[in-house]
Every structure is written in structure tokens, then in C-alpha cells.
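What follows is a single structure, written as C-alpha cells, with notes after it.
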Amino acid sequence: MTSPSESIVLKGGSVLVTGATGDIGRAIVTECVQAGAAVFAAGRNDEKLDALVHQFEKRVTPLNYDVTDEKAVKEAFRHIQKHQNQSNVGPLMGLVNCAGIMEEAALSVNTMDGLKNQLNVNFLAPYQHMQLASRLMARHRHGSIVNIVSQVGELGANGMSAYGASKAALTGATKSLAKELAAIGIRVNAIAPGFVDTELTRHFEPEARAKIEDRIAMKRVGRAGDVARAVVFLLSRQSAYTTGHVLPVDGLFCP
């Protein structure tokens, strides 16, 4: 049974979640609020952002901006800096880089624009967010950054070289920044989901999905909540001595 103290492990601070209107992003927002955090929910869908605000009342602050727009990202952080001192918000203590895109294409037909697009969203945007978030966290010498990478970036997959490269780049940055920021009290970790049932994966035909499930030791695909609960663990003091780690959340995928 979860004790009251365990259920509010993020109380007293705020967390920025990018990609908050996606399936995994919404699950992360939900788990963070339930863990006691105020959440800055970043996304591009006003209707879904409004739904989060309505669901959690004053615990969620919506931010609608393009994560690849450098000026818009800076303006979002100015907004966070302005509001984090409010009593119902608290200092920024967590960042979850969840926004991402996945485009499948064989090397022979992939385009440079397609490669650049995935690098911009999956790597460059999270990098800028980490840079700006760490500046706010450094003032309190406390913070936790969690990047959503992918098992594709760790293991590779046919037709996904560009996507895998963009996620592998974020894994590399995670491990390096964990060493760089440890001295100022900021931890940097990553979650590497396997096949998770989201809008990005629902285009898989039943036969292809069945083959994937058969290669998973737990014999089921992941759920958004599986990822979200792992994120809260890495954000919280329950993982206070863990940094530079890439945590697989894949039900033990067997290549």
C-alpha cells in the first residue's frame, strides 16, 4: 500500500512536460499532479491543453508553443520563471522532454528534410529545454531532467535510422549532461520505452503487432501509464542517487 508521503513525492515544486497533449505526455502530467507537483504542460493542441487544465484545476498551467522555435521556447521559460514563485506552483524542479516525432523511411528513400525534422524535434529541442531548465534549477541547486528516448535508439530498427539516430543523440546528451550537472545538484536520466500503445503506433496492422508482442517477455505492449510512473520515479527523491541512467520500459524486448 502506498503511504501518504509516497504519494506526494513531488510536492513543493513544478515540472515542465513537453509533448503534454500526446498519450504518454498526458499520462506523465497526470502522474506528476498526483505526486504533488504543479505542472507546466506544453503542447500544440489548445483543446487538449484546456482539458488538462479543467481536469486538474489550478495544478496545470498550459503553454502552447512550438518546441523547435527557439524564440518561443525562451518566451515559455520566461513565463515559467515569472510564475514559479507563486505559492501554488513552486520552483522548477523537473523537466520531462516528451515531445517527439517518429517517421519511418528506408535509407534509400529518406530525405534530408525528414532527417532534419526528426533531429530538430527529438534532439535539438530537448537540448535547448535542458539548457534553459538547468539555469533555473541551478539557482536552487536541485533538479531532475528526464528525457524520453527509445529502444530504437538503443537497439536499432529497420527503416528507422533517422528516428533512431535522433533518439541516440539524446541518449548521448543525457549521459554527458548527467556528469556536467551533477556538481550543481541536477540529475539527468532517460526512459527508453519499447513498443507502447499510442497514436504513433496504432497504425501497425494486427499481424505486425502480434509479432512484436510475441518478442516481449511480458507478452503485452506497453501502456502510457507504464512510462509515466517510471518518469515520476526518476523525477522524485526516490531516485536521488541515480543519474546518467537510461531506464528501459519495454517489458523486456527480445530482439
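Computed from the coordinates by the stated procedures, all read-outs in this text should not be read as laboratory data. What you see is a predicted model; the values in this text were computed from it and never measured. Heads up, the Cβs are rebuilt from the backbone with ideal geometry, glycines too, and the neighbour counts pull from every protein chain shown.
Restricting to DSSP H runs of at least four residues, report the calculated mean residue ellipticity at 222 nm for the chain, -39500 (n - 2.57) per run over all residues, nearest 500 deg cm²/dmol. Let's see the in-between values first.
Details: 10 runs with 110 residues, N = 255.
It comes out at -13000 deg cm²/dmol, rounded to the nearest 500.
Size of the dipole of the range 1-89 about the Cα centre, Lys and Arg at +1 and Asp and Glu at -1 on the beta carbon, nothing else charged, in debye to 20?
300
Amide H of Gly222: which non-local residues (sequence gap of 5 or more, or other chain) have their own amide H closer than 5 Å, using H built in the peptide plane?
The list, which skips near neighbours in sequence, is Phe195, Val196, Asp197.
So if R0 is 25 Å, what FRET efficiency would Met112 and Ala208 give, r being the distance between their Cβ atoms, rounded to the nearest 0.05? Each step should come with its number before you reach the end.
On the way: r = 28 Å, r/R0 = 1.13.
Computed FRET efficiency for Met112 and Ala208: 0.35.
Report the GluC sites (Glu not before Pro) located in the range 188-229 that are in a DSSP loop and have at most 12 other Cβ atoms inside 10 Å of their Cβ, or state none.
Sparse-neighbourhood loop GluC sites (Glu not before Pro): Glu199.
If you average the sequence gap of Cα pairs under 8 Å that are 6 or more apart and divide by the length of the chain, what percent do you get for the contact order?
Relative contact order comes out at 19 percent.
Among 23-29, 130-136, what's the highest-first ranking by average C-beta atoms within 10 angstrom per residue?
Highest mean packing first, the order is 23-29, 130-136.
Please give the charge dipole size of the chain, origin at the Cα centre, charges +1 on K and R Cβ atoms and -1 on D and E Cβ atoms. Round to the nearest 20 debye. Intermediate values should be presented prior to the final figure.
Working: 27 positive and 24 negative charges, 208 e Å.
So the dipole magnitude of the chain works out to roughly 1000 debye.
Pull out the extension gain between Thr242 and Asn158, defined as 0.36 nm times the separation in residues minus the alpha carbon to alpha carbon distance; nm, one decimal. Don't jump to the answer; show the numbers that get you there.
Values: separation 84, 0.36 × 84 = 30.24 nm, distance 3.20 nm.
So the chain would gain 27.0 nm between Thr242 and Asn158.
Listed here are the pairs Lys82/Lys175; Lys11/Lys82; Lys58/Lys82; Lys11/Lys58; Lys116/Lys211; Lys175/Lys219; which of them are more than 24 Å apart at the Cα?
With Cα atoms farther than 24 Å apart: Lys82/Lys175; Lys116/Lys211; Lys175/Lys219.
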